[in-house]
Amino acid sequence: MIRLFNTLSGQIEPLSPADGSTFRMYACGPTVYDYGHIGNFRTFCHVDVLRRTLLLEGLNVRHVMNITDVDDKIIRNAAQAGLPISQYTQKYERAFFEDLDALTVARPEIIARATEHIPFMVSLIQRLAAQDIAYQTEDGSWYFRISRFPAYGKLSKKDLTGITDGARVDVDEYEKDSARDFALWKAPKPGEHFWQTELGPGRPGWHIECSAMAMEYLGESIDLHAGGEDLMFPHHENEIAQSECATHKPFARHWFHVRFLLVEGRKMSKSEGNFFTLRDLLLKGYKASAIRMLLISVPYRQQLNFTFEGLAAETAAVERLRAFHQRILAAPRAAETNFELLAETEECRIAFRTGLENDLNTAEARAAIFELVRAGNAATDSGTLSQENAAAILDALREFDSVFAVLEDRDAAITKFALDWAEHEGRLDQAAPEVLAQRGLTDDQIQSLVDERTQAKRARNFARADQIRNDLAAKGILLEDSKDGVRWRRK
RNA sequence: GGCGCGGUACCCAAGUGGUAAGGGAGAGGUCUGCAAAACCUUUAUGCGCCGGUUCGAUUCCGGCCCGCGCCUCCA
């Protein structure tokens, strides 16, 4: 049974599906107006860890994620690019999913685009209008009357009684009854794309899309709602207000918020020069697996300080896990089972599960697996690993990887993908020199150099052999001699 | 100002009222033409500071110092 911190109650609570069979969760997705940055992906990776842990616990999961494909920034950027909104967002939506794939974030069962669900939003607003909770202003926009929802602020623990109306009101919004009232439906400004609906022409406010789509796919009361910590207020607070006023039922039983990360000790921002998209990091030569590992290794409620040193550390950690996995697959089997190791393996497996069940303590879970690495390696060294031992260890690793998802090595292919993208976008100059250098080398070319070196070694021409190795190293290709021949890999 | 989070070894980081997980880096070793990789061993009498409670506190309580987040449609 997973126990998880619930923002709403401020407590760690057991997590289970209300209907006893399927866990219904909704996670706020991206606004597709630009490439995703590592802060975005920390949230998506942790939601992925939650989802995978639920599945590991044997639950059925129905997970919905929205794509916000219409909003102010999109309208602005699309206009600047001279493109229709849909064409503009399509590019970034595709990039978003490519990035999720790179980070082995599993797809939710349902992906819902805001622009494809306008009628659901309209009818939800109409339900509110029927109660006079939604009201229309002179320009045709619709707003939510916060004074009608006394529980407003219960999620973010805000006391709004001290907020005086009129203190900070946009010129555009002077018609609102209260400064805190938020937009449900925005009337179009001249030239803006709009939908013609029973509410009048316009487009949805941001908050309404999540309420409408969550209810459409998951019902009026859902098990869990997730997002970054910044969404707690006002976005999620507004979702609660809209939904609960419309249905008179609790909207989400459990609220899950992922904390922001810092980059090199500071809040990530373009002006600080520490703002990174996933693609920026791939072009610098960092591996997708290491990025995922770093993003999820610090528990979701903890501020993560994302550093290049940390990235290097996680690169090494992932490599060690992969090497261990390969070693156990290939290691000679002893005739006798090592019962001490068998017990240790089970302890580690349980510790891994216990860590995750304890408020998704990924640090604790991860530590348990490295404990297994040490024990498994020691047994392999001493030749006491039996078939039964190996099978148990591989089972534990499978369980680990069903959540962490870093054992399969797709890094080189992902980096290549990023380079191809950079070339297409005219951004190859942003790639690190070493990454570019190895791009010029095909696998065949590398292999023939490796073969030449092997010949040189056989002829005891070590000077030539070392020269080839050093040349390749300068291009980011590492050679490793072993009993079974030479292995090479792209750094 | 309001609400909230954190300060644990060189770096990252878990954790418990009874004596500090794990990763990385460093050091030593095994292996190797030399490397690299891999593996093994090793590294905090100490957990921001000061008081208190307790047989005993890093863990509980109080105060202080420092860092950070949200309070404007930024994950």
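Quick note: the coordinates plus some simple rules give every number you see, no bench work behind them. What you see is a predicted model; the values in this text were computed from it and never measured. Counting neighbours? That spans all protein chains shown, and the Cβs are built from the backbone with ideal geometry, glycine included.
Numbers below:
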quantity	calculated
Förster radius 22 Å - calculated FRET efficiency between residue A:139 and residue A:77 (Cβ-Cβ, nearest 0.05)	0.40
Coil-residue GluC sites (Glu not before Pro) of region A:259-355, DSSP, other Cβ within 10 Å capped at 16	A:264, A:272, A:336
Quarter of the Cα convex hull surface for region A:3-258, i.e. its orientation-mean projected area (nm²)	13.7 nm²
Dmax and Rg, reported as Rg then Dmax, of region A:329-380 (C-alpha, Å)	12.5, 41
Projected area averaged over orientations for region A:245-333, convex hull of C-alpha atoms, nm²	10.6 nm²
Folded to 0 to 90 degrees: helix A:411-424 orientation relative to chain A principal axis, Cα	60 degrees
Built amide H within the under 5 Å cut-off of residue A:66, gap 5+	A:27, A:29, A:112
Difference of contour (0.36 nm per residue) and Cα-Cα distance, residue A:442 to residue A:269	58.6 nm
Kirkwood Rh, Cα atoms: Rg over Rh of chain A	1.04
Rounded to whole Å, sorted largest first: equivalent-ellipsoid semi-axes of region A:411-490, Cα gyration tensor	29, 12, 9
Point-to-point label distance, residue A:464-residue A:179, nm (Cα→Cβ direction, 7 Å offset)	8.1 nm
Segment residue A:384-residue A:363, extension gain: residue separation times 0.36 nm, minus the distance between their alpha carbons	4.6 nm
Sequence-separation-based contact order of region A:263-404, relative, with Cα cut under 8 Å and 6+ spacing, percent	26 percent
Alpha carbon convex hull of region A:86-142, volume per residue in cubic angstrom	127 Å³
Within region A:428-471, backbone nitrogen closer than 17 Å to the virtual label 7 Å beyond the Cα of residue A:481 toward Cβ	A:449-471
Relative contact order computed over chain A (Cα-Cα under 8 Å; 6+ residues apart), in percent	15 percent
Among A:11-18, A:242-249, the order from most to least packed when residues are scored by Cβ within 10 Å on average	A:242-249, A:11-18
Stokes-Einstein D in µm²/s, Kirkwood radius over Cα pairs - region A:263-404 at 4 °C with 1.567 mPa s viscosity	79 µm²/s
Label-to-label distance, nm, for residues given as residue A:21 and residue A:323 (7 Å Cα→Cβ offset)	4.9 nm
Modelled label reach - residue A:189, point 7 Å along Cα→Cβ, region A:90-123 residues with backbone N closer than 11 Å	none
Percentage relative contact order, region A:411-490, counting C-alpha pairs under 8 Å, at least six apart	24 percent
Gain in span if fully extended, residue A:340 to residue A:427, counting 0.36 nm per residue against the direct Cα distance	25.9 nm
Magnitude of the charge dipole, chain A, Cβ model with Lys/Arg +1 and Asp/Glu -1, debye to 20	1020 debye
